[in-house]
Amino acid sequence: MSANPLLSVRDLTLDFRSRHGTVHVLENVSFDIAPGEIVGIVGESGSGKSVTAFAIMGFLDKAARVLSGDIRVQGRDVMAMSTRERDLWRGKEASIIFQTPRTALNPIRTVGQQIGDVIARHTPASPTEVQEKVLQAMRQVRIPDPERRMGAYPFELSGGLCQRIGIAAALACHPHLLIADEPTTGLDVTTQAEIMELIRDTARAKDLATLLITHDLALASEYCDRIVVMHAGHVVETAPVAELFARPRHPYTAGLLGSVPSLVDSIQDLRAIPGSLPDLRRADLPPCRFADRCPRHHADCDIPGLRLEGIAPNHLVACRVPL
Amino acid sequence: MAMPYSPFRLRDRLSMLGYVLSGNRLHQIAFGLFVLLILAALFAPLLVPHDPLATHPQDALTPPSATYWFGTDQLGRDVFSRVLVATRLDMLIAFGAVGLSCVAGSLIGVVLGYFGGLVDTVTSRFVDVLMAFPLFVLAMAMVAALGNSVMNVIYATAIINLPFYIRLARAEVSVRRHLGYVEAARVGGSGHARILLVFLLPNILSPLVVQASVNLGWAVLNAAGLSFLGMGVRPPTPEWGILVAEGARFITSGQWWVFLFPSLALMLAVLCFNLLGDALRDSLDPRSRT
Amino acid sequence: MSLPPILSAEHLSKHFAQSRRRRLPGRAPARLHAVDDVTLAIHPGEALGLVGESGCGKSTLARLLCRLLDPSAGQIYVAGREVTTMSTAAFTRSPMRSDIQMVFQDPTDSLNPRFNSFDLIADPLRQLKPPHSRAELIAKVEAAARSVNLPLDLLSRFPHQLSGGEKARVGIARAMVVTPRLLILDEPTSALDVSVQATVLQLLDKIRRDRGVALLFVSHDLNVVRLLCSRIMVMYLGQIVESGPTDALFRDPAHPYTRALLSAIPTLRGRAGGQRIRLDGEPQSPIAPDGSRCRLYGRCPAQQAFCAQAEPALTGQPGGRQVRCHFAGSAVPGQR
Amino acid sequence: MSRIVWRILSTVPTLAGVLIATFLITRVLPGDPAVFFASNPAMSPEDIERVRAALGLDKSLIDQFWIYLGALRHGDLGLSISTGQPVATEMLTRLPASAELTVFAFLLAIAVSIPLGVAAALKPDSWVDQLCRIIATMGVSVPTFVTGLLLIYLFYYILGVAPEPTGRLDPFMFKPPTVTGFLLIDGPLAGDWATTWAAFKQILLPGLTMAIFALAPLARMTRASMLNVLSSEFIRTARANGLSRRKIVMTYAFRNAMLPVVTSLGMTFSYMLGANVLVEKVFAWPGIGAYAMNSLISLDYAPLQAFMLIMAGIFLAVNLVTDLLAGLVDPRAGLN
């Protein structure tokens, strides 16, 4: 892990209490992001990737209970912040953008006003200055004709433009950390490429630590520097993109790569992962939550205390019998 | 031959009801009240301590006592017996009116929502016109036009509730008619009638049942309101609205029991239906179900 | 191909009148051109891919071909017989109904929540090919379940008790139980996780190979279509803009839109053309499109002034390909 | 702008339906008004016919309808049979009483229910939320006439703080000169504070009764709408961008939550108009509800017809205004 991370998540363990018992959502989740680095968290639904993002931003709902862990952004303990501190921190130091860009915007307020609200909240500025900064923020995300568009309502703009507005608002106050939670789900392929290029270029230009949450391995491979693979609330592997795809060490990562259509030549080469996610409400979850589906399952796997360990430089894996 | 893959059974439904009730004290109370109301409606004539119509002039306007639990009215009739016996009539009106409007309204609404088109436009306009009138006054006018009788109160109440079912069923169906399972049924060879009856109607039953439960309360209010004004059911028939109207005369002279007990009965019945509606809403809402 | 097509369509169009509420009084109703002049044929045992972005009309086209919607113009032939003259209701009652079946996008939406898996699969059988006995019904339903690798003990479960992959398989079993000759699949895997998607794709390929069932696979995901289909049609704003064998289309996309689409797909293997092709500007409105210019005009990186004056026609190219572009087959300035 | 005109025009068919319905309702009421007039035994059958002709009852229904419309154009609502007075005049003297009561109660209900609903939504399961829930459930469960009677019993008989429930003003007090017809406005205009205070005391109990009736659905709706908006994605975005709680609640949540509430205000107002009949009876309020009821009992159809027409007209107007109001706030309606 990098020497001077901007974001560091250490041993984050949390569960949800529901009517049907306790759901063990995350266990010992750890990873870092350096300034200017784009890290992708990849996993299937139910792997806990969005919960991780929400924990960083302080968005967990009441049912969630953090059992252990430490989240630091620029060395600052995020979970120790008061509500007020966190409100002033969000949007200024760290921002998050969501999927379904249109519903993520207030339908009855112009997009310019909405970006302006963020600027006015975090920087002392006169109305005309705010106006100028709104235009600046819109130009930064390459919105054509911002003077006209700032008076538009979300319903008058396409999904791609709405997502640009979301990014403009998130980046308006120049945060150091950007979390993008499935930012292109529901957008067309051509729009998706534009949004992802915008995120990548901005991260590079502003030295922004970026966390991309996605279920799309191919997308992550194209735009990220490093990938964190999650399965059932565990980080199972993390490595630089090229290395992860060239030589996956965790059987789950390998299985995932085998099931991605863009990575194989013919349908016969496609490999599905047998079985399904374990029920996270189980009290007796095995140390390795992939054990029941794993082709390499071994007696050692059932010994408690499985940790994410370095297997090569910058390459960590949580497996007793890595590939 | 035994069914190898058995669908839902009654027992499962009952256990689900138990599960829903177990969660909420208020819902249990509502359900208990509902059972009491039904029992009272069925067996009131057997349970009353006095003849509800018999007058005891010497006991006129006596406050509640061991003999007369809720006191007596100006003619010495037992208020308790009258309130209890009135349950049957009020329940008959409520269930009759809601049953009629629910069945007719949801059938109309389902057809309108599914087929749309000109008939839908015209009928929706008609419903708009109906809703433009104060519905209670409309019911008054209808009872006046049709004549004072219990059946006419039921019809009038049913008609003013009709728009709600038409609108509800129409909205629910027009949301669902483009859903995958309806298209799948068409690809699977089902005709329109079968899609309506087998696929759509059962799936919109939940909101209809919730609406019906709330409407039972409205129907009771409506019937009582009509007879309070001297329309519909006529004295000396015991009916909650009439009892309240009769009691109202003695408020300013301090005989509170004559109006209070029928009022309480009325309130409890409506409260019970409203709480039951909430309970059903909670239990039938797919988001709150497991 | 020597065999006659199972399903073919000629000059098929579907226009939707815009709702009156959005219309201003005194103006003619605007019409949304969802599908415009589509001609295609699907042969037995073939897998044809239909690709396009949201709103391009691919789902409407699928529903037209499935006789769920009546076309505004054009003809559909099932095994050479014209069916457009029949009403959708009459088609539902005809034996051709079982020949063409459909699998829907959202596995949750497309399963009646009040039926268990057994009844879900049995329903089309009861309507279209009523079995003679209950034993026969059970046997056929179980066979359909086995053919999609659905464990039989799941047959008594209700949709909300099934996982996404299991629901998708129930949906396929329901279509397969009446032994169709063509399956129309409307984004059947877009709601599934990749590892589940892989099983479903392999299952569909196996069904095609083992039973000779033709597939019309509608998707926004070119990579998925590439694996499953031998031929691909690309749609843009209601029109087919390019069609051809999968390999050729991927190797050498001829239409600027196809090229942009291909270049936008994230991939590990390094892009063939290298550079991302951007489509700038907003798409034209699908409502009453201007018939005198190319529908990609305004976004096309290769456009010439001429493109704004004439709408290109879909023209045949060598190798069984078709392209709707004025510059198809010729070297385009600034391209390639 | 044209959309506003369009919205206004869209009430025309409903208005036409209302006219036809009011006309028909009174024609199917039992009892021949002419016979009622002629109940004097001295009148011969010829006299009855003459009265009938004078009332236009011998013409066909269609002709009668045109006569009815023609009279309406001149503001002629016919003659009351029981009093012999023009209905329009009687209505005008009574309408202010009803209007004052309804508007008073409506404003009271809005002033209480909206803050209550918002507060309940901001703190789910707190005491405010419980209070809101109790009020909402009780409000719809207690019949208005029972509420009225309970208030009279409590404040007039037991506590003796309220005046006797006999109309708008003590019979021994002089009405201020009529400007608006609302005593609470005309009193201060005339500088007559004693009368104003007396009128206020009179309107308090019936106003409260009606307000309690209207409060419940409004509070419930506000709470539900506010909860719905607070859980929506754009509120999450606003929080993610660190906006202040005040900004989020007032600018982002409240304005959006009010859209459906404002639209439902028209409906609530209509219910209150209907409830007027009962409240006016309980408090001997000299309004149009009581007037309509009396004419209904004496089968005097002209006042009833006028009452229905006025009620429906007010309903349409209020709905139009609330729709336009909501449309001005909501850019999606395209009104501005």
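Assorted remarks:
- Zone of A:Ala125's modelled label, taken as backbone nitrogen in segment A:94-111 under 18 Å from a point 7 Å along Cα→Cβ: A:94-96, A:110-111
- Per-residue ellipticity at 222 nm, computed for chain C from helices alone with -39500 (n - 2.57) per DSSP H run of at least four residues, works out to -8500 deg cm²/dmol.
- Under the criterion of Cα pairs below 8 Å and six or more residues apart, the relative contact order for segment D:90-299 equals 34 percent.
- At a probe radius of 1.4 angstrom, the accessible area of the protein assembly as shown per residue rounds to 42 square angstrom.
- Approximate spin-label separation C:Ala73-A:Asp269, in nm, with each point projected 7 Å along Cα-to-Cβ: 4.5 nm
- Among beta bridges from DSSP that stay inside the protein assembly as shown, the antiparallel ones total about 60%.
- Among the chymotrypsin sites (Phe, Trp or Tyr not before Pro) in segment D:163-267, those located in a DSSP loop and surrounded by at most 11 other Cβ atoms within 10 Å of their own Cβ are D:Phe172, D:Phe174.
- Here the dipole of chain C is about 300 debye; that uses its Cα centre as origin and unit charges on the Cβ of Lys and Arg (positive) and Asp and Glu (negative).
- Selected from A:Ala170, A:Ala64, A:Ala125 as most flexible by GNM, with chain A as the system and alpha-carbon contacts under 10 Å: A:Ala125
- The separation of segment A:273-304 from segment B:195-209, counted between C-alpha centres, amounts to 42 Å.
- Förster-model FRET efficiency, 25 Å R0, B:Thr237 and D:Ile20, C-beta, rounded to 0.05: 0.10
- GNM flexibility winner over chain A from A:Ile303, A:Ile213, A:Ile195 (Cα, springs under 10 Å): A:Ile303
- Computed [θ] at 222 nm, deg cm²/dmol, chain A (DSSP H ≥ 4; -39,500 (n - 2.57); rounded to nearest 500): -9000 deg cm²/dmol
- Across B:Ala139, B:Ala184, B:Ala40, mean-square fluctuation computed from a Gaussian network of chain B (C-alpha pairs under 10 Å connected) peaks at B:Ala184.
- Rg and Dmax of the protein assembly as shown, both derived from C-alpha coordinates alone, stand at 35.9, 119 Å.
- Accessible area per residue was computed with a 1.4 Å probe on protein heavy atoms; C:Arg231 scores about 60 Å².
- FRET efficiency estimate (nearest 0.05) - Cβ-Cβ, B:Val35 to D:Ile297, R0 35 angstrom: 0.35
- Once the C-beta distance of C:Ser163 and A:Ser68 is scaled by a Förster radius of 30 Å, the resulting FRET efficiency is 0.45 to the nearest 0.05.
- Accessible area that becomes buried as C packs against A, both chains, 1.4 Å probe, Å², nearest 100: 2900 Å²
- Of A:Lys92/D:Lys247; A:Lys49/A:Lys92; A:Lys92/A:Lys133; D:Lys201/D:Lys281; A:Lys62/D:Lys247; C:Lys14/C:Lys58, pairs whose Cα-Cα distance is over 20 Å: A:Lys49/A:Lys92; A:Lys62/D:Lys247
- Over chain A, relative contact order from alpha-carbon pairs under 8 Å, at least 6 apart, %: 22 percent
- Distance from segment B:23-57 to segment D:307-324 (C-alpha centre basis), Å: 41 Å
- In degrees, nearest ten, helix D:193-230 long axis to first principal axis of chain D (Cα): 50 degrees
- Local electrostatic count at C:Val83 - Lys and Arg +1, Asp and Glu -1, tallied over other residues with Cβ under 13 Å: 0
- Length gained when the stretch D:Leu9-D:His74 is fully extended (0.36 nm per residue, less Cα-Cα span): 21.2 nm
- Placing pseudo-labels 7 Å out from each Cα toward the beta carbon at D:Asn228 and C:Phe306 gives an inter-label distance of 5.6 nm.
- Rounded Å value of the spacing that divides the Cα centres of segment C:52-113 and segment C:122-162: 23 Å
- C-alpha long axis of helix C:164-176 to longest principal axis of chain C, angle in °: 80 degrees
- Other residues whose C-beta falls under 12 angstrom from the C-beta of A:Arg65 contribute a net charge of 0, scoring Lys and Arg +1 and Asp and Glu -1.
- Fraction of antiparallel bridges per DSSP, segment C:160-249 only, in percent to nearest 5: 55 percent
- Put a plus charge on the Cβ of each Lys and Arg, a minus charge on the Cβ of each Asp and Glu, and nothing anywhere else: the dipole of segment D:90-299 about its Cα centre is then about 940 debye.
- 19 Å reach of a label modelled at A:Gln136, 7 Å along Cα-to-Cβ, counting backbone N of segment A:76-113: A:91-95, A:112-113
- For chain D, calculated [θ]222 nm from helices alone, where every DSSP H run of n ≥ 4 adds -39500 (n - 2.57): -23500 deg cm²/dmol
- Relative contact order (%) - segment D:237-336, alpha-carbon pairs under 8 angstrom, separation at least six: 30 percent
- Label zone at B:Leu146 (point 7 Å along Cα-to-Cβ), backbone N below 15 Å, segment B:86-129: B:92-105
- Solvent accessible area, Å² - A:Val118, 1.4 Å probe, full protein context: 0 Å²
The values are calculated or read from the model by the stated rules, or taken from the named source; none is laboratory data. It should be emphasised that the depicted structure is a prediction, and the values quoted were computed from it without experimental measurement. FYI the Cβ positions are ideal-geometry reconstructions off the backbone, even for glycines, and counts take in every protein chain you see. The accessibility values were calculated without ligands, DNA or RNA, using every heavy atom of the protein model including side chains. Shrake-Rupley method; radii C 1.70, N 1.55, O 1.52, S 1.80 Å.
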